[in-house]
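FYI, it's all coordinate maths here, none of it is from the lab. Bear in mind the structure is a predicted one, so any value in this text is a computation, not a measurement. Neighbour counts are summed over all protein chains in view; Cβ atoms, including those assigned to glycine, are modelled from backbone coordinates with ideal geometry.
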Amino acid sequence: MGNERFRVGVIGTSWWADLEHLPGLRARRDVELVSLCGRNPERLAALAAKFGVPRTCTEWRAMISGGGLDVLVIATPNSLHHPQAMAALEAGLHVICEKPLAMNVTLAREMAARAEAARRKTLTFFTHRTVAAAAQVKRMVDEGFLGKPLHVSGLYFTASHLRENKPFAWKMQRAESGTGVLGDIGSHVIDLVRWWLGDFSRVAGQWQTVTRERSGGVADADEDCSFLAQLACGAQGVFQASKLVAGRGNYQRIELHGSRGSLTYEADPGFDPTWEGRVFAGWPDRPGLELIALPRELAAGLDTPDNQADRNEAYRRLTDPFFAAIRDGGTVSPDFRDGAAVQAVLDAVAGSAEAKGWVSVR
């Protein structure tokens, strides 16, 4: 495409599109936001006006078949990811899709295979890979700081479902979401650990739904989930994801322990004043953990007084390889193959929670 701008359309007008995708795309100089699709005409018109999107549509199939796009961004309920992505790939579009990638791993792998056959670039939107601390952990692990990985513990906590007036939403219904908190926020922890240490081999999980009756509907998706894991590298793991933890905003903590040292990643994106996060390191011959200074090239642009500017910088970092790959070739990570690999873990944890035993990740 040379120096041309990518023509991008977005399906979805949720709070997340308003906070993340639309401002992130508008901040990119190589993107032209040309089309926005949503089911609520009033909401659609308001967001289109706010972000200067010239074309709107209430039917996603018409948006895709109408042409004039290079890239489609899918920010819709999980049950729609597969049909929308497949239609976009069939139309020759490159695709950015929210996580979790699909309702199950079979559908996720179909999406990945179709993209590869069509030679289209894809991005699964695991945005927390762009936290500076996460990138620093990746760097230190790749440099061998841990030695042989032995154990990992990861958690992601919020208090959002403890609000008494929290209304029913599609993420609380398995028919629309596949899983609840496991797929919504637990997938981020799974993706980060897989990025750092490699694939999961088997899991044993449990989950619970505490408040089922809510204003607007009955919830059946998990609000709280935990699972044990064995990784292909030999490390053992303990994981938790919950929206029932008082006092937590968007809190993530992952500890990696190895034969030579330990690393702890900690972040609270959107609630921390910046998108830097924190990394602590430990050594076998001394007690306590040491806060690691983040390299300037990793923190730059994520440490400003403006949280939306930090978020936009994180968006740029995640999407830069995607747009570069469209223009110049090359690979993207996390792409649909990565999204499908995380989906395989989600499916295994869900299967284990229902069967009450260990399940292999396949």
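Please arrange Arg5, Arg337 by counting, for each residue, the other beta carbons lying within 10 Å of its beta carbon, fewest first.
Arg5, Arg337
What share of the DSSP beta bridges in the chain is antiparallel, in percent to the nearest 5?
Here the antiparallel bridges make up roughly 60 percent for the chain.
What number comes out for the charge environment of Ala300, summing +1 per Lys or Arg and -1 per Asp or Glu over other residues with Cβ under 13 Å away?
Once all neighbours under 13 Å are counted, the net charge is -2.
Within 10 Å, count the other beta carbons around each residue, average over each peptide in 339-346, 188-195, and list them highest first.
Final packing ranking: 339-346, 188-195.
If you average the alpha carbon positions of the range 296-356 and of the range 165-244, how far apart do those two centres end up, in angstrom?
Between the Cα centre of the range 296-356 and that of the range 165-244, the gap is 18 Å.
Among Glu354, Glu297, Glu223, rank each residue by its count of other Cβ atoms within 10 Å, from fewest to most, as a rough exposure measure.
Going from least to most buried by this count: Glu297, Glu354, Glu223.
I want the local charge near Met86. Using Cβ-Cβ distances under 9 Å, sum +1 for each Lys or Arg and -1 for each Asp or Glu among the other residues.
In short, -1.
With +1 on each Lys and Arg Cβ and -1 on each Asp and Glu Cβ, and nothing else charged, work out how big the dipole of the chain is about its Cα centre, in Debye to the nearest 20.
Here the size comes out at about 400 debye.
Which helices of the chain meet both criteria: a Cα extent of 20 Å or more along the helical axis and a mean Kyte-Doolittle score no lower than -1.0, with helices taken as whole DSSP H segments?
336-355
Let me test this: with uniform point scatterers at the alpha carbons of the range 142-203, what is the Debye-based log₁₀ I(q)/I(0) at q = 0.22, 0.27 1/Å?
Here the Debye-derived log intensity ratios amount to -1.00, -1.25.
Quote the Stokes-Einstein diffusion coefficient, in whole µm² s⁻¹, for the range 1-95, based on the Kirkwood radius over alpha carbon pairs, a temperature of 4 °C and a viscosity of 1.567 mPa s.
Using the Kirkwood radius from Cα pairs, D works out to 98 µm²/s.
By how many nm would the segment from Lys138 to Arg29 grow when fully extended, if each residue of separation counts as 0.36 nm and the alpha-carbon distance is taken off?
Using 0.36 nm per residue and subtracting the Cα-Cα distance, I get 36.4 nm.
Once the principal axes of the Cα atoms of the range 48-145 are found, what is the range along each, listed largest first in whole angstroms?
For the range 48-145, the Cα extents along the three principal axes come out at 51, 36, 24 Å.
Given the -39500 (n - 2.57) contribution per DSSP H run of 4+ residues, what per-residue ellipticity at 222 nm results for the chain, rounded to the nearest 500 deg cm²/dmol?
Dividing the helical sum by the residues of the chain leaves -10000 deg cm²/dmol.
Rounded to the nearest 0.05, what FRET efficiency do Ala232 and Trp283 give with R0 = 25 Å and r taken as the Cβ-Cβ distance? Could you check?
Efficiency at R0 = 25 Å is approximately 0.45.
If you keep only loop residues by DSSP, which trypsin sites (Lys or Arg not before Pro) in the range 97-180 have at most 14 other Cβ atoms within 10 Å of their Cβ?
Arg119, Arg163
Round to a whole angstrom and tell me the spacing of the C-alpha centers of the range 121-153 and the range 40-80.
If you average the Cα positions of each part, the centres end up 33 Å apart.
Given the range 195-347, what whole percent of its Cα pairs are spread farther than 29 Å?
Of the Cα pairs, 35 percent sit more than 29 Å apart.
Which value, to two decimals, describes the C-alpha radius of gyration of the range 9-51 once divided by 2.2 N^0.38 Å?
Rg over 2.2 N^0.38 Å, computed on Cα atoms: 1.05.
Cα extents of the range 258-362 along the three principal axes, largest first, in whole Å?
Computed over the range 258-362, the largest-to-smallest principal extents equal 49, 47, 28 Å.
How much length is gained if the chain between Ala293 and Asn307 is pulled fully straight, taking 0.36 nm per residue apart and subtracting their Cα-Cα distance, in nm to one decimal?
3.0 nm
Once you have a ≥ b ≥ c as the square roots of the Cα gyration tensor eigenvalues for the range 299-360, tell me rounded if a/c is under 1.5, and otherwise prolate or oblate according to whether a/b is larger than b/c.
Taking the square roots of the gyration eigenvalues as a ≥ b ≥ c, the range 299-360 is oblate.
Given 37 °C and 0.692 mPa s, how large is the Stokes-Einstein diffusion coefficient of the chain in µm²/s, with Rh as the Kirkwood radius over Cα pairs?
So the translational diffusion coefficient is about 156 µm²/s.
Summing Lys, Arg as +1 and Asp, Glu as -1, what charge do residues with Cβ under 13 Å from the Cβ of Ser242 carry, Ser242 excluded?
Here the count lands on -1.
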